[in-house]
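Peer 1: Structure in structure tokens, see below.
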Ligand SMILES: Nc1ncnc2c1ncn2[C@@H]1O[C@H](COP(=O)(O)OP(=O)(O)OP(=O)(O)O)[C@@H](O)[C@H]1O
Ligand SMILES: [Mg+2]
């Protein structure tokens, strides 16, 4: 499986880059059914940046996020998070690294329905064997506007509130990099805006690095820059994105995107 080492790279000191991918490739299946989801992706993201990843359905966005977050392994290439290479150590080490340094937010929240909001939030700390502090749960839930919902179950919350719990869960370990895969995909405009502001705040106030997949040009405009993927390859880059500029660029990536997924 995917490997982690605690070895730091010497050339860049205390990791100026939050994320570095070098020629990362990933193919699913084999022979006739083989699909190249990522085809030699090389990129670097500085610390404290907010990057949106966009591209047509099937272009490899989720695969990119999973490989970068150590949730999946590339077939070849190098992934480095916060200066530590995820290719070279053991599985247990990777899991430990991921739990401490990486946060992940899914489109469908992935909360455990049998746990309370507070329990869901501190789960990563518990899994990492850290002392679980109710005050910490309260603090981080308050920061996402849910300080009064600690004892609720996920099914007593709206979609937007559930996603805010998921963000609290991703923030609780104070990770260096937060990956979010279409975090606003299932939300109404207002809840989406709340979630986007929280991600933006994680970057601007707390210096975290956020990488967010989205299909929505407005959501992408909250980021500092946008990376475009097409057929598993990088297909462009946009700084200081406005919704119009993003939509325009997407339209040129191919008709699939122009359909407005
Ligand atoms: N577990 C898997 N097994 C086989 N093929 C897969 C698997 N996961 C992804 N793929 C294929 O890899 C390609 C990239 O998929 P990926 O999920 O990364 O796309 P995406 O850009 O996230 O798409 P979407 O916008 O629809 O979420 C697709 O062709 C997909 O069918
Ligand atoms: Mg996807």
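Peer 1: Take residue 80 and decide whether it is in contact (Cβ under 8 Å) with a residue 40 or more places away in the chain, touching a strand residue (DSSP E or B) at 6+ places or on another chain (Cβ under 7 Å) and not in a helix (DSSP H, G or I).
Peer 2: Yes, satisfied.
Peer 1: Can you pull out every residue in the stretch 64-73 that is within 16 Å of ligand 2 (Cβ to nearest atom) and either surrounded by fewer than 23 Cβ atoms within 10 Å (Cβ to Cβ) or farther than 22 Å from residue 253 by Cα (or both)?
Peer 2: 65, 66, 67, 68, 69, 71, 72
Conditions (1) at pLDDT 95 or above; (2) part of a loop (DSSP other than H, G, I, E, B), marked per residue:
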position	(1), (2)
2	no, yes
18	yes, no
37	yes, no
43	yes, no
59	yes, yes
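Peer 1: Those residues that are buried (at least 19 other Cβ atoms within 10 Å of the Cβ) and away from ligand 2 (no atom under 16 Å from the Cβ), I need them from the stretch 102-115; list them, please.
Peer 2: 102, 103, 111
Peer 1: Ok, one more. Working only within the stretch 45-57, note down all residues that are within 16 Å of ligand 2 (Cβ to nearest atom) and either surrounded by fewer than 19 Cβ atoms within 10 Å (Cβ to Cβ) or assigned to a loop (DSSP other than H, G, I, E, B) (or both).
Peer 2: Answer for the stretch 45-57, where residues must be within 16 Å of ligand 2 (Cβ to nearest atom) and either surrounded by fewer than 19 Cβ atoms within 10 Å (Cβ to Cβ) or assigned to a loop (DSSP other than H, G, I, E, B) (or both): 55, 56, 57.
Peer 1: Considering only the stretch 185-241, state which residues are out of contact with any strand residue (DSSP E or B) (no Cβ under 8 Å at 6 or more places or on another chain), at pLDDT 95 or above and within 16 Å of ligand 2 (Cβ to nearest atom).
Peer 2: 216, 230 - these are the residues of the stretch 185-241 that are out of contact with any strand residue (DSSP E or B) (no Cβ under 8 Å at 6 or more places or on another chain), at pLDDT 95 or above and within 16 Å of ligand 2 (Cβ to nearest atom).
Peer 1: Kindly establish whether residue 177 is away from ligand 1 (no atom under 16 Å from the Cβ) and under 17 Å from residue 106 (Cβ atoms).
Peer 2: Yes.
Peer 1: For a quick check of your reading of the model, give me the residue pairs whose first member lies in the stretch 51-68 and is within 13 Å of residue 182 (Cβ to Cβ) and touching a residue at least 24 places away in the same chain (Cβ under 8 Å), whose second is assigned to a strand (DSSP E or B) and near ligand 2 (Cβ under 8 Å from one of its atoms), with beta-carbon atoms closer than 7 Å and at least 6 apart or on different chains.
Peer 2: Once the first residue is within 13 Å of residue 182 (Cβ to Cβ) and touching a residue at least 24 places away in the same chain (Cβ under 8 Å) and sits in the stretch 51-68, its partners that are assigned to a strand (DSSP E or B) and near ligand 2 (Cβ under 8 Å from one of its atoms) give 53/213; 61/213; 62/181; 62/213; 65/181; 65/213.
Peer 1: Something else about it: Looking at this structure, is residue 140 more than 16 Å from ligand 1 (Cβ to nearest atom) and either assigned to a helix (DSSP H, G or I) or at pLDDT 95 or above (or both)?
Peer 2: Answer is yes for this residue.
Peer 1: Starting from the stretch 107-129, keep only residues that are on the phi > 0 side of the Ramachandran plot and in contact (Cβ under 8 Å) with a residue 24 or more places away in the chain, then list their pairs with residues that are surrounded by 14 or more Cβ atoms within 10 Å (Cβ to Cβ) and assigned to a helix (DSSP H, G or I) whose Cβ atoms are within a distance under 7 Å, requiring at least 6 positions of separation or different chains.
Peer 2: Note: pairs meeting the criteria are 109/162; 109/163; 109/166; 110/166.
Peer 1: Go through the stretch 181-216 and give me each residue that's crowded, with 20+ Cβ neighbours inside 10 Å and in a loop (DSSP other than H, G, I, E, B).
Peer 2: Of everything in the stretch 181-216, those that are crowded, with 20+ Cβ neighbours inside 10 Å and in a loop (DSSP other than H, G, I, E, B) turn out to be 182, 183, 184, 187, 208, 214, 216.
Peer 1: Which residues, taken from the stretch 37-65, are touching a strand residue (DSSP E or B) at 6+ places or on another chain (Cβ under 9 Å), within 8 Å of ligand 1 (Cβ to nearest atom) and more than 28 Å from residue 204 (Cβ to Cβ)?
Peer 2: Within the stretch 37-65, 37, 38, 56, 58, 59, 60, 63 meet the criteria.
Peer 1: Moving to a separate point now. Residues being surrounded by 13 or more Cβ atoms within 10 Å (Cβ to Cβ) and in a loop (DSSP other than H, G, I, E, B): count how many of those fall in the stretch 20-35.
Peer 2: Total satisfying the criteria: 0.
Peer 1: I've got another one for you. Among the residues of the stretch 92-126, write down those that are at pLDDT 90 or above and part of a helix (DSSP H, G or I).
Peer 2: Result: 101, 117, 118, 119, 120, 121, 122, 123, 124, 125, 126.
The values are calculated or read from the model by the stated rules, or taken from the named source; none is laboratory data. Treat the numbers as computed from the prediction; the structure is a model and nothing was measured. Because the Cβ atoms are built from the backbone with ideal geometry, glycine has one as well, and the counts that use them run over all protein chains shown.
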